[in-house]
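The values are calculated or read from the model by the stated rules, or taken from the named source; none is laboratory data. These figures come from a predicted structure and were not determined experimentally. Because the Cβ atoms are built from the backbone with ideal geometry, glycine has one as well, and the counts that use them run over all protein chains shown. Each accessible area value is taken on the protein alone, full model and side chains, heavy atoms only, with ligands, DNA and RNA left out. Shrake-Rupley method; radii C 1.70, N 1.55, O 1.52, S 1.80 Å.
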Amino acid sequence: MAAPPPEQPERNSTHAAQYIFEAKIPRITATLPDIQPLPRTLGTRDLVVFLIFDIVVLSFAMLMQLAGPFALLYWLLGTCTFFLPGAVVFYWLARHLPGQGSPYVWLSSVFNPVLGFTITFSIWLTSMLFTSTSLQEAIIYFRMLKPTWLYTSSQQGLLMILMLFLATAISCLPLARLKRLLFIACLGYGTLYIILGVSALWRLQHGVLWLLPWNHPATQPLLWHEQPLFYSFTILAFLGLNHPLFMGSEVREGQAGLRRASKYIWWGAAIIPFLYLLGLVGAAAWTPVVSRNETQAAVELWINAFGPAVNFPATLVLGLADIFQAVIFMVLFSRLLITLTQHHRLPPAFARINASGVPVFTMLVQAFTILVVMVIGFIFVPSLFESGNNVIEIERNTHEIMLASSFVLLLCSTSLLFTLPIIISFNRGKGRSIAFTVNYKRLMLIAIALLGTGATLVAIWTTLTQSWVTGISNEHWGSIILLVVFIMLILGWLCGEMPRLSVLLSNQEHVTSREKTLREQLQEAYQQQGVLLLELEKLYREQAFAATIDPVTELPNHRAVMSYIDATLARAQAEHSPFAIMFIDLDHFKSINDQWGHRAGDSILYEVAQRLHANLSQEDFIGRYGEKSSP
């Protein structure tokens, strides 16, 4: 039995967390031979840009505005109970755990690889729903530019393909170019929010009441019956703080660089609530009464603030913002597939990159998946209810159902990530636990993680119990969302398990083939060894023959003759039997060598030896006793 490990000195939290995961983390020690690492070109600023485009959406601010005078309260509540706790937890995870921000590595380490794979693949599949809703929202904005267009299925399908092609083409740009493009777009996007906030302050200075009172007729029906729903809308607006960590392997300087770049979370924690505050204040100032159609309200916001002349550019910018958000989703979530491939959970094709370092195959797979989701959700399903119903309303209801379902799924995975610091803090496996230098830090981290977990659970409950669609009751809404979530989980398990089993089978076939090859090589080596042994035995026999046979006469040499005489003498003494020894010498043999050469002399010696041997009986023995020059 092995001796227990020696008592470890107290560590800081960074080394302690790494110490816990050393034995459990599924390291990539033997990656597939054709998998190339992605180029490391990202820094803190790039992750901040990804985060802003991932989270900040003006239509979410319009949704929160439905809460009327309580909009700011829900904004503050969501910031304090979900967004800031998420910033603390994800910053801690990024700095203290290995895996370079991979949720698969984190979940596999705490739970098991199968569960980690299932959750990670479900996150990816859910993100395809989110991406499809972003592109559909872009289509809604572009439809506003020309209301008489884009109402037939063929027109919608064509525009879907165009939007998806544009998003895929942008996401396939080299990362060094893409991050510069996104940075410029982010500056312009943030400037619009600042302009909106400044215009709201100007309107406030001119005496316009920009928040409706609690008893205003426009907000009264929403205040008491649907107020909890707006908390989930706030959580939805802040969801995705950890998504840039999916690209941790592309941050410069590896794990050490990711620890520094993880400060993007704090930049995002400062910028994103501020941008949403500007959007919320602008919405309250210019569109105090909004409908359930938040996309239409977002356009009306700009028209009310700056006049009808901005209708076209505002609608175009909002549509492009949704397309850029879809690009961010495709880029970020493609890294989940690459991570799974690097850990031998998906076929190697998902991690192959071109000369520019872009995983084109993975992007195309995502584009096809998004296209299938959009065709089913926004063309096929509305066509089933086309007669006697408003197709646009059905499309919008489908959009809300898909958005809410993906929201619930992402909240479930986020709640699991919130629990990781809690589980790690109380981990006692193999006698190891995190040694916090000060106990209150541990308690504070656990409290913050519990707060974030509670916020996600509340958001899940309110999403399931309160309908987002006016034409669907709360009971039917919850059943529909649970059904879609269940279908997504089953599809995620099936679609993820089949490639995983295929990779496992392929790896097993590779191992079996390699073992067969090794056995064949070993058998061949055994055969070669047998041949070598035969050759060695032959060589031994030849050496033994050369040691006792005279090479000229092919008769036993002097050593053999002496050995035979000794044996015969010993036998004669033991049996008291006689024996005779006769020496034969060739006279004048030296003259033959001198006159005809040694080769002629050797021939004469050989011939004499063979004639003498031919006239011996079976009991007689003949050998060459003398040297080569004498007979």
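Leaving out ligands and nucleic acids, and using a 1.4 Å probe, what accessible area per residue does segment 291-411 come to in Å²? Show your work: numbers first, answer last.
On the way: 4250 Å² over 121 residues.
That works out to 35 Å² per residue.
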Which net charge results when you count Lys and Arg as +1 and Asp and Glu as -1 among the other residues whose beta-carbon is under 14 Å from that of Phe130?
-4
Just to be sure I understand the model, the point goes 7 Å from the Cα along the line to the Cβ. What's the resulting Ala309 to Val198 distance in nm?
1.7 nm
Among segment 63-89, those whose backbone N falls under 20 Å of a label point 7 Å along Cα→Cβ from Gln296 are 63-68
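Quick one: net charge of Ile448's neighbours, Cβ under 14 Å, K/R +1, D/E -1?
Values: positive: Lys441, Arg442; negative: none.
It works out to a net charge of +2.
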7 Å from Cα along Cα→Cβ at both Leu77 and Leu457: what's the point-to-point distance in nm?
1.7 nm
Estimated distance in nm for a label pair at Gln595 and Arg571, the labels positioned 7 Å out from Cα along Cα-to-Cβ:
4.2 nm
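Using a Förster distance of 41 Å, how high is the FRET efficiency between Leu158 and Ile446, based on the Cβ-Cβ distance and rounded to 0.05? Spell out each step's value before the answer.
Values: r = 53 Å, r/R0 = 1.29.
E between Leu158 and Ile446, to the nearest 0.05, is 0.20.
Counting only protein heavy atoms and a 1.4 Å probe, tell me what percentage of segment 64-129's accessible area is made up of carbon and sulfur.
The computed percentage sits at 78.
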For segment 288-354, averaging the sequence separation of alpha carbon pairs under 8 Å that lie six or more residues apart and dividing by its residue count, the contact order in percent is 14 percent
Everything considered on the Cα gyration tensor (a ≥ b ≥ c; rounded for a/c under 1.5, else prolate if a/b is larger than b/c, else oblate), segment 491-540 must be described as prolate
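For Asn354 and Trp493, what is the calculated FRET efficiency with R₀ set at 30 Å and r taken between the beta-carbons, to the nearest 0.05?
Numbers: r = 31 Å, r/R0 = 1.03.
Working from the Cβ atoms, E equals 0.45.
Ranked highest first by average number of other Cβ atoms within 10 Å, how do 413-425, 240-252, 156-168, 304-316 line up?
Working: 413-425: 20.2, 240-252: 24.6, 156-168: 18.0, 304-316: 14.8.
In decreasing order of mean packing, 413-425, 240-252, 156-168, 304-316 become 240-252, 413-425, 156-168, 304-316.
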Give me the base-10 log of I(q)/I(0) for segment 325-373 at each q in 0.19, 0.25 Å⁻¹, Debye formula, one uniform scatterer per Cα, rounded to two decimals.
-0.59, -0.96
Largest first, how would Cys172, Cys412 line up by accessible area (1.4 Å probe)?
Cys412, Cys172
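Report the calculated FRET efficiency for Ser603 and Val531 (r = Cβ-Cβ distance, R0 = 35 Å), to the nearest 0.05. Walk me through the numbers before you get to the answer.
Details: r = 37 Å, r/R0 = 1.06.
After rounding, the FRET efficiency stands at 0.40.
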Along the charge dipole of segment 322-426, pointing to its positive end and built from +1/-1 on Cβ of Lys, Arg, Asp and Glu, which listed residue (Leu371, Ala404, Ile392) has its Cα farthest out?
Leu371
Name the residues whose placed amide hydrogens come within less than 5 Å of the amide hydrogen of Gly623, ignoring near sequence neighbours (fewer than 5 apart) on the same chain.
none
Ignoring everything but the protein chains, give the 1.4 Å probe accessible area of Glu554 in square angstrom, nearest 10.
110 Å²
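Using square roots of five times the C-alpha gyration tensor eigenvalues, list the equivalent-ellipsoid semi-axes of segment 541-583 in whole Å, biggest first. Don't skip to the end; give the middle numbers.
Details: eigenvalues 128, 29, 7 Å².
Value: 25, 12, 6 Å, ordered largest first.
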Once phi is turned into θ = phi - 60°, what whole-Hz ³J(HN,Hα) does the Karplus curve with 6.51, -1.76 and 1.60 give for every residue of segment 393-404, x standing for Gly and Pro?
5, 5, 4, 5, 4, 4, 4, 5, 5, 5, 5, 5
Give me, ordered by chain and number, the residues 5 or more places off Thr41 or on other chains with an amide H under 5 Å from its own placed amide H.
Arg252
Distant-in-sequence amide H partners of Ile549 (H built 1.01 Å from N, under 5 Å):
Asn557
Given all pairs of distinct Cα atoms, segment 474-631 yields a Kirkwood Rh in Å of 23.8 Å
Counting only the heavy atoms of the protein chains, how much of His558 is accessible to a 1.4 Å probe, in Å² to the nearest 10?
80 Å²
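Please pull out the direction-averaged projected area of segment 48-87, using the convex hull of its alpha-carbon atoms, in nm² to one decimal place. Please list the in-between numbers first.
Numbers: hull surface 12.2 nm².
With every direction weighted equally, the projected area is 3.0 nm².
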